[in-house]
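The values are calculated or read from the model by the stated rules, or taken from the named source; none is laboratory data. All values reported here derive from a predicted model rather than from experimental measurement. Cβ placement follows ideal geometry from the backbone for every residue including glycine, while neighbour counts extend to all protein chains displayed. Just so you know, the surface numbers come from the protein's heavy atoms only, side chains and all, with ligands and any DNA or RNA stripped out. Shrake-Rupley method; radii C 1.70, N 1.55, O 1.52, S 1.80 Å.
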Amino acid sequence: MATSFRSILQENGKVTIPARIRKKLGLKKGDTISFVEDKGVITIAPPSPAPTWGVDEIEQVYRETGINLEEVIEEGREFRRQYVKEKYGLVDKA
């Protein structure tokens, strides 16, 4: 069952997450949290850890085939830039 809490938006956009929620999510001072907006509803959650399974196997395949990881990462960035530009009309300023 969903539970609702209220908090007041403070100066500089600061919001206090109620202690009950911080405890339930295991949030501590300095933790990073994610804000997800969907159709006017904001969800706050601890970020999901990046999956680490398979990383060693992927690195081994890259080494064996001579694939350069930095090139793969850059190609992924370029693909995302192009996708965002086409889908949303946004341009990377970097």
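Things to note:
- Filter result (touching a Pro at 6+ places or on another chain (Cβ under 7 Å) and either in a helix (DSSP H, G or I) or open to solvent by 80 Å² or more (accessible area, probe 1.4 Å) (or both)) within region 24-81: 25, 32
- Residue list for region 1-23, restricted to those being among the β-branched types (Val, Ile, Thr) and either modelled with pLDDT of 85 or more or in a helix (DSSP H, G or I) (or both): 8, 15, 16, 17, 21
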